[in-house]
Amino acid sequence: MAAATLVLLATGCSGTDRTTDAPAASPTTSATPDATRALRERCLSAMPEEAPLAAVTLAAGSGGEIEAARVGPGTNERVAILLPQIGGLCGWGRWATAAADAGLTSLLVNPCGYGETQCTATEDADPLHEVAAAVDLARAEYGAERVVLLGASMGGSLTVMAVAAGADVDAWADVSGPPAWEGVELASLAGSLPDDGRVVMAPSDGREIYAAAESLAEASGVRFVPGRSGHGWDLLVHPVSGSVTRIGRQLMALAEGPSGA
């Protein structure tokens, strides 16, 4: 995922095609105070001081590692797996901290080529590689009964690709995902997307991209959530005040379950 073949939106995007023939990563994890401290120092203000943070490492099938972070309790029936923008997992820190205050656990995951995540070319080509390992952790070790997959910008497109490939999640949301990623037109995946999902986009990303997001939501039979202005996690948490937005609260409700979604 580190290489880009086209640039879309303000964040840029894309690399090589992914397939689904790679072995799933193991849910084995490790978390140490030193690793957590180092991650907090790297994230700076993107990760609030009060965030209940723990660094997590998922072991990949090849012997590599997938970098992740848990924000919230280590046992929870409701877990949100969060895929990031190209800046990496730290940008989810404010929303995840607010979600923890609301009783949720978030697992922030760096995809192949980002942060400390190490992958083979085959693993990088598999849309389920990182997601499957995170879902296994959430269900087997955290005790999650409901797991949702949420992605911002790059992570939004990767979310669509993962759920279309069969990710074992109960709901999903694409927030500002580019309409094409790594040679894949997301519209071509609409028929494979589960119906418990959301597509979020603001018109400030451009008329054509906004229209493509609306079309993806309509074709896949999920709710389209229009933002006013902004991109990715800026639609979920106000970039200045740090307060959770209307859309940010909607995604918390989606993670909580049907009664709030």
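Structure summary
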quantity	calculated
Dipole of the range 175-237, positive end: most advanced residue of Val237, Ala180, Gly197 [Cβ charges, Cα centre]	Val237
Projected-area mean, the range 190-257, by convex hull of Cα positions, square nanometres	4.7
Percent RCO, i.e. relative contact order, over the chain, from Cα pairs under 8 Å lying at least 6 residues apart	18
Estimated D of the range 60-151 in µm² per second, where Rh is the Kirkwood radius over Cα pairs and Stokes-Einstein applies at 25 °C, 0.890 mPa s	187
For the range 33-256, the spread of Cα positions along each principal axis, largest first, Å	45, 41, 29
Point-to-point label distance, Leu44-Glu218, nm (Cα→Cβ direction, 7 Å offset)	4.2
Burial ordering of Thr159, Thr122, Thr105, Thr245, fewest other beta-carbon atoms within 10 Å first	Thr122, Thr245, Thr105, Thr159
Ranked list, fewest to most other Cβ atoms within 10 Å of each Cβ, for Leu158, Leu186	Leu186, Leu158
Cα gyration tensor, the range 112-191 - rounded (a/c under 1.5), prolate or oblate	oblate
Total formal charge among the other residues, if their Cβ is under 14 angstrom from that of Asn110, Lys/Arg +1 and Asp/Glu -1	-4
Estimated [θ] at 222 nm from DSSP helical runs (n ≥ 4, -39500 (n - 2.57)) normalised by residues in the chain, nearest 500	-8000 deg cm²/dmol
Dipole moment magnitude, nearest 20 debye, the chain about Cα centre, only Lys, Arg, Asp, Glu C-beta charged	740
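Read-outs: derived from the displayed coordinates by stated rules, not from any lab. Keep in mind it's a predicted model, so treat the numbers as computed, not measured. Please note: Cβ atoms are built from the backbone with ideal geometry, for glycine as well, and neighbour counts cover all protein chains shown.
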